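The values are calculated or read from the model by the stated rules, or taken from the named source; none is laboratory data. Being a predicted model, the structure only gives us computed values, none of them experimental. Quick reminder, even Gly has a Cβ in these numbers, built from the backbone with ideal geometry, and neighbours come from all protein chains shown.
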Amino acid sequence: MYMKFSVIKPFDPWRSPMCTCPRKWVLNTYTGCGHRCLYCYASSYIPNHFTPRLKRMVVERAEYDLKHIPRGALIEMSTSSDPYTPPEAERQFTRKLIHRVLSRGMRLLITTKSDLVVRDIDILSKHLGRVAVAITITTINDGLARRLEPGAPSPTSRIEAIRLLRRAGIPVIVRVDPIIPYINDEYRALRDLIKRVADAGALQITSSTYKAKADSLVRMKRAFPELADKLDELYKVRGVRIHGYMYLEERLRYSYMRMVKEVAEEHGLIFESCREGFTNIGTPGFACDGSTFTFPEVYEELRRL
Ligand code: SF4
């Protein structure tokens with residue numbers, strides 16, 4: 001029977017042939033996001049994206065949907081907004097939702113760039129074996145992060161969040177995503193970033209290059225006018241269009257992913273890439289989104305190590 005879900009939807013990255021995510025469901029607490037990342041792609045399809053609004057009756061609608069989703073299914077919060085976008089500090093609706101999702105026996109992957117996630121460790125740690133947190137860090141330079149992600153908490157506070165989550169036994173994936181030419185693509189900077197997150201306890205690195213949309217490229221060029229011509233050359237002249245995005249040429253994307261993979265593996269971390277089409281360079285047996293750690297048997301194995 002066809003079931004119309006209200007607010008928890010099957011994950012569908014616009015049917016992108018590059019996406020290697022496992023089957024999962026997506027729950028966004030908010031429409032729009034206040035982190036205002038220059039490179040955000042959600043702003044290309046969500047009107048007024050940088051003004052986050054709580055979804056109408058989100059808890060009631062999620063409770064309805066949860067009754068129709070099989071126990072043990074994977075739910076990701078969130079993919080087109082950050083579940084800990086600034087209003088969440090006061091409103092606490094993500095907190096209510098993670099409690100509902102986990103109480104119904106689902107597996108939960110939280111994807112965020114906010115240290116506010118540590119507020120909810122008390123709930124997450126009651127469901128160890130079914131939860132994982134992916135924290136995005138594009139640079140450990142707080143000044144550069146303020147230009148790239150002006151509304152998001154600093155990388156320093158995100159690294160501290162990794163430490164606290166791991167201390168509570170919660171698996172953490174770090175998304176080094178996106179890598180943007182001339183901005184955060186320097187080998188030494190990436191090496192320092194990966195070392196810091198490895199020391200803090202991250203288990204997996206998932207990385208991806210910047211895929212430009214028309215609006216995000218305009219924002220990027222406004223914020224870094226000295227790079228405008230170079231970015232145009234890389235994306236508009238030498239780049240390729242894939243599924244509605246401007247991608248860098250394949251050779252360059254591959255060299256970035258190889259670089260991150262090598263550093264991640266030097267630190268004993270799992271490596272995966274996201275929507276690059278390089279299925280051969282990831283660590284075998286692990287999902288690109290980090291959700292492998294939401295399987296209880298994987299978690300048990302991790303505990304035994
Ligand atoms: S955190 Fe994600 S959804 Fe929010 S503005 Fe940044 S890229 Fe967009």
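Of everything in region 265-297 that's assigned to a helix (DSSP H, G or I) and hydroxyl-bearing (Ser, Thr, Tyr), which residue is surrounded by the most Cβ atoms within 10 Å (Cβ to Cβ)?
Looking at residues that are assigned to a helix (DSSP H, G or I) and hydroxyl-bearing (Ser, Thr, Tyr), I get Thr294.
For region 201-233, which residues satisfy the criterion of being more than 21 Å from Gly244 (Cβ to Cβ), of a type in the set (A, V, I, L, M) and under 18 Å from the mean Cα position of the chain (by Cα)?
Ala202, Leu203, Ile205
Quick check on region 154-166. Is at least one of its residues more than 14 Å from the chain's Cα centre (by Cα), among the β-branched types (Val, Ile, Thr), at pLDDT 95 or above and within 14 Å of the ligand (Cβ to nearest atom)?
No: zero hits.
Taking the criterion of being within 15 Å of the ligand (Cβ to nearest atom), surrounded by 17 or more Cβ atoms within 10 Å (Cβ to Cβ) and polar (S, T, N, Q), would at least one residue in region 10-26 satisfy it?
No, region 10-26 has no match at all.
I need the full set of residues from region 119-147 which are more than 21 Å from Met106 (Cβ to Cβ), assigned to a helix (DSSP H, G or I) and either among the β-branched types (Val, Ile, Thr) or within 16 Å of the chain's Cα centre (by Cα) (or both), in order please.
Ala145
Answer with yes or no whether Ala73 is surrounded by fewer than 21 Cβ atoms within 10 Å (Cβ to Cβ) and among the aliphatic types (A, V, I, L, M).
It is true that Ala73 is surrounded by fewer than 21 Cβ atoms within 10 Å (Cβ to Cβ) and among the aliphatic types (A, V, I, L, M).
Please determine whether any residue of region 114-125 is out of contact with any helix residue (DSSP H, G or I) (no Cβ under 8 Å at 6 or more places or on another chain), touching a residue at least 12 places away in the same chain (Cβ under 8 Å), β-branched (Val, Ile, Thr) and within 13 Å of the ligand (Cβ to nearest atom).
Looking for residues that are out of contact with any helix residue (DSSP H, G or I) (no Cβ under 8 Å at 6 or more places or on another chain), touching a residue at least 12 places away in the same chain (Cβ under 8 Å), β-branched (Val, Ile, Thr) and within 13 Å of the ligand (Cβ to nearest atom), one finds none in region 114-125, hence no.
Kindly list, by first and then second residue, each pair from a residue in region 220-236 that is farther than 15 Å from Leu248 by Cα and free of Cβ contacts under 8 Å to residues at least 12 places away in the same chain to a residue that is in a helix (DSSP H, G or I) and among the hydroxyl-bearing types (Ser, Thr, Tyr), limited to pairs with Cβ atoms under 9 Å and residues at least 6 apart or on different chains.
Filtered contacts from region 220-236: no entries.
Among the residues of region 153-161, is there at least one that is charged (D, E, K, R) and part of a helix (DSSP H, G or I)?
yes
When Asn141 is evaluated against the numbered criteria (1) touching a residue at least 12 places away in the same chain (Cβ under 8 Å); (2) crowded, with 21+ Cβ neighbours inside 10 Å, which criterion, by number, is the only one it fails?
Status for Asn141: all satisfied but (2).
Starting from residues that are assigned to a helix (DSSP H, G or I) and closer than 18 Å to Val131 by Cβ, keep the ones in region 44-90 and report whichever is farthest from the ligand (Cβ to nearest atom).
Filtering region 44-90 for residues assigned to a helix (DSSP H, G or I) gives 44, 58-66, 88-90.
Those still in the list that are closer than 18 Å to Val131 by Cβ too: 62, 66, 88.
On the way: Ala62: 19, Leu66: 23, Glu88: 12 Å.
Checking each candidate, the answer is Leu66.
Can you name every residue in region 237-256 that is touching a Gly at 6+ places or on another chain (Cβ under 9 Å), touching a residue at least 40 places away in the same chain (Cβ under 8 Å) and not in a helix (DSSP H, G or I)?
Ile242, Leu248
Could you grab me the full set of residues in region 28-38 that are surrounded by 21 or more Cβ atoms within 10 Å (Cβ to Cβ) and within 7 Å of the ligand (Cβ to nearest atom)?
Scanning region 28-38 gives Cys33, His35, Cys37.
Only residues that are touching a strand residue (DSSP E or B) at 6+ places or on another chain (Cβ under 7 Å) and either at pLDDT below 95 or of a type outside the set (Lys, Arg) (or both): list them for region 231-259, please.
Once the filter is applied, which keeps residues that are touching a strand residue (DSSP E or B) at 6+ places or on another chain (Cβ under 7 Å) and either at pLDDT below 95 or of a type outside the set (Lys, Arg) (or both), region 231-259 yields Tyr235, Gly239, Val240, Tyr245, Met246, Tyr247, Leu248, Glu249, Tyr256, Met257.
Which residues, taken from region 164-207, are surrounded by fewer than 21 Cβ atoms within 10 Å (Cβ to Cβ) and hydroxyl-bearing (Ser, Thr, Tyr)?
Scanning region 164-207 gives Tyr182, Tyr187.
With respect to Glu262, determine if the residue is outside any loop (DSSP other than H, G, I, E, B), over 22 Å from Thr111 (Cα atoms) and modelled with pLDDT of 95 or more.
Considered against the rule, which asks whether it is outside any loop (DSSP other than H, G, I, E, B), over 22 Å from Thr111 (Cα atoms) and modelled with pLDDT of 95 or more, Glu262 comes out as yes.
List every residue pair whose Cβ atoms sit under 8 Å apart, with the two residues 6 or more apart in sequence or on different chains, where the first one lies in region 78-92 and is closer than 9 Å to Ser114 by Cβ and the second, anywhere, is more than 10 Å from the ligand (Cβ to nearest atom) and small (Gly, Ala, Ser).
Going by the 8 Å Cβ cut-off, there are no qualifying pairs.
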